[in-house]
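Okay, so here's the structure we're looking at.
The values are calculated or read from the model by the stated rules, or taken from the named source; none is laboratory data. Remember, it's a predicted structure, so these values are computed and weren't measured experimentally. Note that each Cβ is placed from the backbone with ideal geometry, even for glycine, and that neighbours are counted across all protein chains shown.
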Amino acid sequence: MTKEITYLASIYSTEFLHLKEARYNMACAACAFLKKEINIGVYSPIVHWHPTAILHNIIGDFHIWQEEDEKMIELLDSFTVLRSELWEKSKGLRHELLYAQMLKKPIKWLKVLSSVVDGEFYRFKLLD
């Protein structure tokens with residue numbers, strides 16, 4: 001039984017579809033790691049919405065998702081930051097993190113130890 005469900009915040013927005021796909025794949029791998037290796041339930045807005053956004057041409061930055069993302073952060077037990085390349089530069093991720101901190105949610109940090117983009121092989125470590 002899952003004792004906790006966390007919100008996985010990860011970088012996504014870019015004008016380049018191949019980067020969106022790579023970021024989606026990394027978020028999927030991070031969700032699998034948290035579920036299988038750490039036994040934490042996960043909600044990731046990127047994993048949840050990326051296929052629909054691509055198939056149905058939903059375009060926009062984090063502002064179109066902000067209200068929904070904030071509601072999910074409120075509902076879930078904790079907040080996990082996927083510390084991939086450039087994560088600190090993401091306006092959406094930074095906003096989500098500040099919102100989770102304002103709500104006093106427990107913050108977890110998921111470090112990417114290694115990645116192979118085309119082979120979709122990722123290794124992670126959950127930091128204290």
Selection status of I11, of a type in the set (A, V, I, L, M, F, W, C) and either part of a loop (DSSP other than H, G, I, E, B) or in contact with a Gly (Cβ under 8 Å, 6 or more places away or on another chain) (or both) | yes
Residue pairs within 6 Å by beta carbon, gap of at least six or interchain, first lying in region 98-119 and modelled with pLDDT of 95 or more, second acidic (D, E), listed first then second, are Y99/E70
Please indicate, with yes or no, whether at least one residue in region 80-103 is under 15 Å from L8 (Cβ atoms), more than 13 Å from the chain's Cα centre (by Cα), basic (K, R) and assigned to a helix (DSSP H, G or I).
-> no
So which residues in region 26-45 are part of a helix (DSSP H, G or I) and more than 20 Å from S114 (Cβ to Cβ), if there are any at all?
-> P45
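Could you please let me know if A27 is aliphatic (A, V, I, L, M), crowded, with 16+ Cβ neighbours inside 10 Å and free of Cβ contacts under 8 Å to residues at least 12 places away in the same chain?
Working: aliphatic (A, V, I, L, M): yes; crowded, with 16+ Cβ neighbours inside 10 Å: yes; free of Cβ contacts under 8 Å to residues at least 12 places away in the same chain: no.
No, not satisfied.
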Report, by residue number, each residue of region 46-69 that is in contact (Cβ under 8 Å) with a residue 24 or more places away in the chain, buried (at least 16 other Cβ atoms within 10 Å of the Cβ) and not aliphatic (A, V, I, L, M).
-> H50, F62, W65, D69
Taking I73 as the residue in question, decide whether it is surrounded by 19 or more Cβ atoms within 10 Å (Cβ to Cβ), under 18 Å from K3 (Cα atoms), at pLDDT 95 or above and hydrophobic (A, V, I, L, M, F, W, C).
-> yes
